[in-house]
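Chemist: Pasting a structure below so you can have a look.
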């Protein structure tokens, strides 16, 4: 009897690990994730047809050169706003990696934080790079070299 009780407790305590996630976007562009469909306001329910998977975060979202083999060539904080399909975004990332510049990458189609920061920077196309307090729109090697002091 004790084993059955323990099994039932375990079974019901694991139920929340299999919860569904629902996503909707507000009028202001904010993406909201909730665990129950009834938590979605009525005006946004048309957006929620089925449960949504959370965006996957991969090691490519964070790039830090190996400390023992490289040095950071920029003392400035660098952020890059990209999309997965953008060839100039990839060129900008390759440039930063080649010059051992640490940076934080935001895919604006997968990251709500990235989308907000991209919008605060004026939005528009990609890539957008933030070097210190300076913004660089598009991929320009001379502009990157100047901003990074290379």
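Chemist: I'm checking my understanding of the structure. Among residues of the stretch 34-62 that are in a helix (DSSP H, G or I) and modelled with pLDDT under 65, which one is surrounded by the most Cβ atoms within 10 Å (Cβ to Cβ)?
Modeler: From the stretch 34-62, those in a helix (DSSP H, G or I) are 37-39, 42-47, 59-61; that's our starting set.
Still in the list and also modelled with pLDDT under 65: 59-61.
On the way: 59: 7, 60: 10, 61: 16.
This residue is 61.
Chemist: Could you pull out every one of the strands (runs of 3 or more DSSP E) wholly within the stretch 69-133 that has 3 or more residues that are under 25 Å from residue 33 (Cα atoms) and touching a strand residue (DSSP E or B) at 6+ places or on another chain (Cβ under 9 Å)?
Modeler: Qualifying strands (runs of 3 or more DSSP E): 78-82, 103-107.
Chemist: What are the residues in the stretch 114-144 that are in contact with a helix residue (DSSP H, G or I) (Cβ under 7 Å, 6 or more places away or on another chain) and under 11 Å from residue 80 (Cα atoms), if any?
Modeler: Taking the stretch 114-144 first, the residues in contact with a helix residue (DSSP H, G or I) (Cβ under 7 Å, 6 or more places away or on another chain) are 126-129, 131, 134, 136, 138-139, 141, 144.
Passing the criteria: 126, 127, 128, 129, 131, 136, 138, 139.
Here is a yes/no grid of residues against (1) at pLDDT 75 or above; (2) surrounded by fewer than 10 Cβ atoms within 10 Å (Cβ to Cβ); (3) part of a helix (DSSP H, G or I):
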position	(1), (2), (3)
5	no, yes, yes
8	no, no, yes
12	no, yes, yes
23	yes, no, no
32	yes, no, no
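Chemist: Name the residues in the stretch 134-150 that are surrounded by 14 or more Cβ atoms within 10 Å (Cβ to Cβ), in a helix (DSSP H, G or I) and touching a residue at least 24 places away in the same chain (Cβ under 8 Å), would you?
Modeler: Answer for the stretch 134-150, where residues must be surrounded by 14 or more Cβ atoms within 10 Å (Cβ to Cβ), in a helix (DSSP H, G or I) and touching a residue at least 24 places away in the same chain (Cβ under 8 Å): 144, 147, 148.
Chemist: Only residues that are out of contact with any helix residue (DSSP H, G or I) (no Cβ under 9 Å at 6 or more places or on another chain), closer than 30 Å to residue 23 by Cα and surrounded by 14 or more Cβ atoms within 10 Å (Cβ to Cβ): list them for the stretch 94-113, please.
Modeler: Of the stretch 94-113, the ones out of contact with any helix residue (DSSP H, G or I) (no Cβ under 9 Å at 6 or more places or on another chain) are 94, 97-98, 100, 112-113.
Among the residues that remain, those that are also closer than 30 Å to residue 23 by Cα are: 112-113.
Answer for the stretch 94-113, where residues must be out of contact with any helix residue (DSSP H, G or I) (no Cβ under 9 Å at 6 or more places or on another chain), closer than 30 Å to residue 23 by Cα and surrounded by 14 or more Cβ atoms within 10 Å (Cβ to Cβ): just 112.
The values are calculated or read from the model by the stated rules, or taken from the named source; none is laboratory data. Since the model is a prediction, treat every value here as computed from it, not as a measurement. So basically every Cβ, Gly included, is an ideal-geometry build from the backbone, and we count neighbours across all protein chains shown.
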